[in-house]
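Colleague: One structure, pasted below without further comment.
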Amino acid sequence: MTPPRRRIAVLLLWLALLAAAGWQIAHTRFVADLSAFLPAHPDPQQRVLIEQLQSGVPARTLLMGIDGGAAKSRADASRALAAALRASGLFEQVQNGQTDDWAATGSWLFDHRYQLSPAVDAARFTPAGLRAGIAETLSLLGTPMGNAIKPLLDRDPTGETQRIAENLIPAGAPRSEEGVWVSRNAQRALLVAIARAPGADLDAQAAAIARVRSAFAADGAASAAGLRLQLSGAPVMGVDSRARIESEIRWLAIAGTVLMSTLLLLAFASLPALAVAMLPVASGVVAGIAAVSLVFGSVHGITLGFGTTLIGEAVDYAIYYLIQARTQAPDGWRHWLRSGWPTVRLGLLTSVCGFAALVFSGFPGLAQLGLYSVAGLFGAAAATRWVLPVLMPDGARGSGARRALGRVGAGLVAVLPRLRWLFLAAGVAAAALLLQRGHLWQAELSSLSPIPKSALDLDASLRADLSAGDARTLVVVQAGDLEATLRGAEAVVARLEPLVDRGAIGGVDSVTRWLPSQATQAARRAALPERAALEAALAQATRGGPMPAARLAPFVDAVEAARKAPPITFAALRGTALAPLIDVMLLERADHSWVALLPVSPVASTPAAATAAKADPVVDLAAVDQALTGLPGTQTLEIGPELRRLYARYLGQAQLQALLGALGVVALIAFALRDWRRVLAVCQPLLLAVLLTMGGLAACGIQLGILHLVGLLLVVAVGSNYALFFDLLQRRAGTEPEYDTLGSLLLANLTTVGSFGLIAMSSIPALSAIGRVVAPGALLALLLSAAFAPPRGAGRRQAADAADTADAMHGPNAPDAL
């Protein structure tokens, strides 16, 4: 194949790969939930937590508040909004405190009272038991509950419905006014809606949220009354996070492109050179996103945001080629492939070696970042190696300011080596500061969240008004089948109820209040007497009392019907209003095992006591653990501490992988250079740059997290290119023009520092963390590489050895391949 045809073939192959990657990206699902940064292979406790974060009812629950106007206007708007949302079909359940919401549920509870009431046993239907039950029910007629009890008296004289209701009343419930839920100060109407779509389906959640807003906007009375809708909950935060990340990425990409374009135009004074310089950047970003999409099936927003950081290193490859190939024209690309490309290739391999360790992380989010970096760097380097020589065989034609940059670089090379001891002293001081700081790393998963404080405050306010704060302590019961799980949950309740009486916990909720085990239902059914026995016991119990036995014939009929009624089953509850309540506390896994979640509430405290303590009420976890000792398949889960433990494990694994990656970088450099002095000269600046960057952050009181660690890997990746080029310059002193090579290094550093400086200003913590590390770290890496480069001329004797080393590692170059 002739050279022109080869060049055409290279361009066509490159365009075809870009088109294929573009097609893959167009069919990619982008997500923003932080569960991607949780382990892929969790232990049983972590598995429950992750399931709730990804697809549980909490991940689908919307919290709504209506502010402003008068109480009646807010109540009317609440009823109108609830009706519109129920009619939309997008929600499993919508609640706002209207009593008619639970009319069907109340009827169901009444019809199944003898299967659900915890008071049903054989003693309950003896003459003494009936007498006591009837007397207790009659005593309530003079109380505020009397109006509700009186219509049921003939059919439920023992008050089983009342006992069920007492057990189902939550420890805290929203205040009611004008027939709807209101906030504690009665200035806000409250609603809760559970979307049908999975929590991870952000597009469907966005549609549900849009339906809420449009339904409220369509209420002309609400608008006229000056009412405002407040929305929160996990779906709102997920959708808003994705939108914020997309908007921020768009802004950063535009600003970064403008900044780099300006710098490159000043350096090259050539629009074609500017366009060509952007091709490796675009190739790297497209390759990174497509690779992550192919392997993981979706791309996290933080990974997508990380794409903007790749611009800083990817453009370096183009700068090295465009300037250094121009220096060696004519046939500059041939000379660059022999002199510059081996060094760029070694820098690429060291960068990939550092990030490759993350690919094998057990945390999908971290593995995505690693794969994106590896694929993106390969894509950018491949475009530089094969595409740029086709488009600009002799590099950038314009002169611009690159010679001036080269002279500045030469001045730095002359001055900085004199400051080596100062840099070393600063590195020692930074290391001492890091050792002195006891809590350098931040152990909070929320540090990755882009949600602003105002949104978190609104969410906390709505949850407090609804008395729906996230359950912080759960008892988890796991078993191989539904019946064993329900029996385990009943055993937990039996052991924890004494703790409620002692004041160690405020209460415990269980799905078995709605769905008792088959064994419990059978025992309650067996306790119901036959008609003749019940009539005899009832006659004796009512003798001389205010209620004659004849009046209680409906009661006898109801007990007889309950004796013959089929048991309550999980399947029978699926189509009822109780289904969302069951789903919150009972989960069936893909392997057909079952999990029951029992929220344990703390002891309620008075507002004055809570204010004085300045702390949230807590559960006596030690008492709970002791009470549950010996129950198989049961464990206690504290959500906050468990999330912190997860993140700490995540951070520790990332640190280990970063260390392994760094050791791999050193090993690769040592193999390539094969001279301990040169290895020290290349690695010393990288170590000092990392130490000084971390020391500076510590001095500013900034705690480090996962993304800071990724930023440090980027510092090593970018800095290794600088250090290797300085090694090349000093080893080949006098064999090639220095100013242009130094100019390419300085220009590459300016674009890197500028682009990451913009990222440091991002309002998204995950992105700003990377920018705050890489911008100063890359600048330090350049200065330190110049300061610790070997003395001039020291490598002339080893110049041939250096070339032999490159050939030994990479094989002979073949420039005519193009």
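The values are calculated or read from the model by the stated rules, or taken from the named source; none is laboratory data. Computed from a predicted structure; not experimentally measured. Don't worry about glycine lacking a Cβ; one is built from the backbone with ideal geometry, like all the others, and counts go over all protein chains shown. Side chains included, ligands, DNA and RNA excluded: accessible areas come from the protein's heavy atoms. Shrake-Rupley method; radii C 1.70, N 1.55, O 1.52, S 1.80 Å.
Colleague: Select from region 673-685 the residues that are buried (at least 24 other Cβ atoms within 10 Å of the Cβ) and in contact with a Leu (Cβ under 8 Å, 6 or more places away or on another chain) and list them in ascending order.
Modeller: Val682, Pro685
Colleague: Separate question: Would you pick out the residues in region 110-130 that are closer than 16 Å to Thr520 by Cβ and either of a type in the set (Gly, Ala, Ser) or within 44 Å of the chain's Cα centre (by Cα) (or both)?
Modeller: Pass one, region 110-130, residues closer than 16 Å to Thr520 by Cβ: 112-122, 124.
Selection gives His112, Arg113, Gln115, Leu116, Ser117, Pro118, Ala119, Ala122.
Colleague: In region 251-259, is there at least one residue being part of a helix (DSSP H, G or I), free of Cβ contacts under 8 Å to residues at least 24 places away in the same chain and under 30 Å from Arg86 (Cα atoms)?
Modeller: No, region 251-259 has no match at all.
Yes/no matrix, rows are residues, columns are (1) out of contact with any Ser or Thr (no Cβ under 8 Å at 6 or more places or on another chain); (2) modelled with pLDDT of 85 or more:
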{"site": "Ala380", "(1), (2)": "no, yes"}
{"site": "Leu416", "(1), (2)": "yes, yes"}
{"site": "Arg420", "(1), (2)": "yes, yes"}
{"site": "Gln436", "(1), (2)": "yes, no"}
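Colleague: Does Gly65 satisfy being of a type outside the set (A, V, I, L, M), crowded, with 18+ Cβ neighbours inside 10 Å and in contact with a Phe, Trp or Tyr (Cβ under 9 Å, 6 or more places away or on another chain)? Walk me through it before giving the result.
Modeller: Details: of a type outside the set (A, V, I, L, M): yes; crowded, with 18+ Cβ neighbours inside 10 Å: yes; in contact with a Phe, Trp or Tyr (Cβ under 9 Å, 6 or more places away or on another chain): no.
Considered against the rule, which asks whether it is of a type outside the set (A, V, I, L, M), crowded, with 18+ Cβ neighbours inside 10 Å and in contact with a Phe, Trp or Tyr (Cβ under 9 Å, 6 or more places away or on another chain), Gly65 comes out as no.
Colleague: Open to solvent by 20 Å² or more (accessible area, probe 1.4 Å), modelled with pLDDT of 70 or more and part of a helix (DSSP H, G or I): which single residue out of Gly757, Gly771, Gly777, Gly743 fits that description? Steps first, answer last, please.
Modeller: Numbers: Gly771 fails: open to solvent by 20 Å² or more (accessible area, probe 1.4 Å); Gly777 fails: open to solvent by 20 Å² or more (accessible area, probe 1.4 Å); Gly743 fails: open to solvent by 20 Å² or more (accessible area, probe 1.4 Å).
So the residue among Gly757, Gly771, Gly777, Gly743 that is open to solvent by 20 Å² or more (accessible area, probe 1.4 Å), modelled with pLDDT of 70 or more and part of a helix (DSSP H, G or I) is Gly757.
Colleague: Looking for whichever is in a loop (DSSP other than H, G, I, E, B), surrounded by 14 or more Cβ atoms within 10 Å (Cβ to Cβ) and in contact (Cβ under 8 Å) with a residue 60 or more places away in the chain here; the options are Pro599, Pro529. Which one fits? Walk me through how you get there before you give the answer.
Modeller: Details: Pro599 fails: in a loop (DSSP other than H, G, I, E, B).
From the options Pro599, Pro529, the qualifying one is Pro529.
Colleague: Also: With the requirement that a residue be within 26 Å of the chain's Cα centre (by Cα), at pLDDT 85 or above and of a type outside the set (Ser, Thr, Tyr), what does region 603-644 give you?
Modeller: Correct list: Gln635 only.
Colleague: Now for a separate question. When you go through Ser241, Ser214, Ser223 one by one, which is the residue that is among the polar types (S, T, N, Q) and farther than 28 Å from Ala71 by Cβ?
Modeller: On the way: Ser214 fails: farther than 28 Å from Ala71 by Cβ; Ser223 fails: farther than 28 Å from Ala71 by Cβ.
None of the others qualify; the one that does is Ser241.
Colleague: With Leu445, Leu466, Leu474, Leu496 as the choices, which residue is modelled with pLDDT of 90 or more and crowded, with 19+ Cβ neighbours inside 10 Å? Don't jump to the end; show me each part of the working.
Modeller: Numbers: Leu445 fails: modelled with pLDDT of 90 or more; Leu466 fails: modelled with pLDDT of 90 or more; Leu474 fails: modelled with pLDDT of 90 or more.
Matching residue, one of Leu445, Leu466, Leu474, Leu496: Leu496.
Colleague: Continuing with this model, one more query. Residues of region 237-246 being open to solvent by 50 Å² or more (accessible area, probe 1.4 Å) and either in contact with a helix residue (DSSP H, G or I) (Cβ under 6 Å, 6 or more places away or on another chain) or more than 21 Å from Phe756 (Cα to Cα) (or both), which ones? Working first, answer last.
Modeller: Restricting attention to region 237-246, the residues satisfying the condition of being open to solvent by 50 Å² or more (accessible area, probe 1.4 Å) are 240, 243-244, 246.
Passing the criteria: Asp240, Ala243.
Colleague: Among the residues that make up region 210-230, is at least one of them farther than 16 Å from Ser78 by Cα and at pLDDT 85 or above?
Modeller: Restricting attention to region 210-230, the residues satisfying the condition of being farther than 16 Å from Ser78 by Cα are 210.
Next, only the ones that are at pLDDT 85 or above stay: 210.
Within region 210-230 (the criterion being farther than 16 Å from Ser78 by Cα and at pLDDT 85 or above), the answer is yes, since at least one residue qualifies.
Colleague: Go through region 499-526 and count every residue that is assigned to a helix (DSSP H, G or I), buried (at least 20 other Cβ atoms within 10 Å of the Cβ) and of a type in the set (Asp, Glu). Don't jump to the end; show me each part of the working.
Modeller: The first filter runs over region 499-526 and keeps only residues assigned to a helix (DSSP H, G or I), leaving 499-502, 511-513, 518-526.
With buried (at least 20 other Cβ atoms within 10 Å of the Cβ) added as a condition, the list becomes 499, 511-512, 521, 524.
From the residues that got through so far, the ones that are of a type in the set (Asp, Glu) too are none.
Within region 499-526, residues that are assigned to a helix (DSSP H, G or I), buried (at least 20 other Cβ atoms within 10 Å of the Cβ) and of a type in the set (Asp, Glu) number 0.
Colleague: For region 539-567, how many residues meet the condition of being assigned to a loop (DSSP other than H, G, I, E, B), modelled with pLDDT under 90 and either at positive phi or surrounded by 12 or more Cβ atoms within 10 Å (Cβ to Cβ) (or both)? Walk me through how you get there before you give the answer.
Modeller: So in region 539-567, the residues assigned to a loop (DSSP other than H, G, I, E, B) come out as 543-548, 565-567.
When the remaining residues are screened for being modelled with pLDDT under 90, the result is 543-548.
Remaining after also requiring either at positive phi or surrounded by 12 or more Cβ atoms within 10 Å (Cβ to Cβ) (or both): 544-545, 547.
Looking only at that region, the number is 3.
Residues are listed down the side, and each one gets a yes or a no for (1) modelled with pLDDT under 80; (2) among the basic types (Lys, Arg):
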{"position": "Arg326", "(1), (2)": "yes, yes"}
{"position": "Ala329", "(1), (2)": "yes, no"}
{"position": "Leu337", "(1), (2)": "no, no"}
{"position": "Thr350", "(1), (2)": "no, no"}
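Colleague: Here is a further query. If Ala103 passes every condition in (1) at pLDDT 80 or above; (2) among the small types (Gly, Ala, Ser); (3) loosely packed, with under 15 Cβ neighbours inside 10 Å but one, which one does it miss?
Modeller: Only one criterion is unmet by Ala103, namely (1).
Colleague: Go through region 268-284 residue by residue and tally those that are more than 8 Å from Gly379 (Cα to Cα) and within 41 Å of the chain's Cα centre (by Cα).
Modeller: Going through region 268-284 one residue at a time, the tally reaches 9.
Colleague: OK, next. For region 377-431, which positions are open to solvent by 30 Å² or more (accessible area, probe 1.4 Å) and among the β-branched types (Val, Ile, Thr)?
Modeller: Listed by number, the residues that qualify are Val408, Val415, Val428.
Colleague: Among the residues that make up region 205-220, is at least one of them open to solvent by 40 Å² or more (accessible area, probe 1.4 Å) and under 21 Å from Ala577 (Cβ atoms)? I'd like the intermediate steps shown before the answer.
Modeller: Within region 205-220, the subset open to solvent by 40 Å² or more (accessible area, probe 1.4 Å) is 207, 210-211, 213-214, 217-218, 220.
From the residues that got through so far, the ones that are under 21 Å from Ala577 (Cβ atoms) too are 211.
Yes - at least one qualifying residue is present in region 205-220.
Colleague: Let me ask something else about it. For region 350-399, enumerate the residues that are among the β-branched types (Val, Ile, Thr) and under 37 Å from the mean Cα position of the chain (by Cα).
Modeller: Thr350, Val352, Val359, Val374, Thr384, listed by residue number.
Colleague: Oh, and also: Any chance region 151-174 includes a residue that's surrounded by fewer than 14 Cβ atoms within 10 Å (Cβ to Cβ), outside any loop (DSSP other than H, G, I, E, B) and at pLDDT 85 or above? Steps first, answer last, please.
Modeller: First pass over region 151-174, keeping only residues surrounded by fewer than 14 Cβ atoms within 10 Å (Cβ to Cβ): 151, 166, 169-170, 173.
When the remaining residues are screened for being outside any loop (DSSP other than H, G, I, E, B), the result is 151, 166.
After this cut, where a residue has to be at pLDDT 85 or above as well, the list is 151.
Yes, that holds for at least one residue.
Residues checked against (1) under 30 Å from Ala207 (Cα atoms); (2) open to solvent by less than 60 Å² (accessible area, probe 1.4 Å); (3) free of Cβ contacts under 8 Å to residues at least 12 places away in the same chain; (4) part of a helix (DSSP H, G or I):
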| site | (1), (2), (3), (4) |
| --- | --- |
| Ser223 | yes, no, yes, yes |
| Gln230 | yes, yes, no, no |
| Pro235 | yes, yes, no, yes |
| Glu248 | yes, yes, no, yes |
| Thr262 | no, no, yes, yes |
| Leu265 | no, no, no, yes |
| Pro272 | no, no, no, yes |
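Condition check ((1) closer than 30 Å to Pro567 by Cα; (2) basic (Lys, Arg); (3) in contact with a Gly (Cβ under 8 Å, 6 or more places away or on another chain)) across all residues:
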position: Leu63; (1), (2), (3): no, no, yes
position: Ala71; (1), (2), (3): no, no, no
position: Ala75; (1), (2), (3): no, no, yes
position: Ala82; (1), (2), (3): no, no, no
position: Leu85; (1), (2), (3): no, no, no
position: Leu90; (1), (2), (3): no, no, no
position: Thr105; (1), (2), (3): yes, no, no
position: Leu109; (1), (2), (3): yes, no, no
position: Pro118; (1), (2), (3): yes, no, no
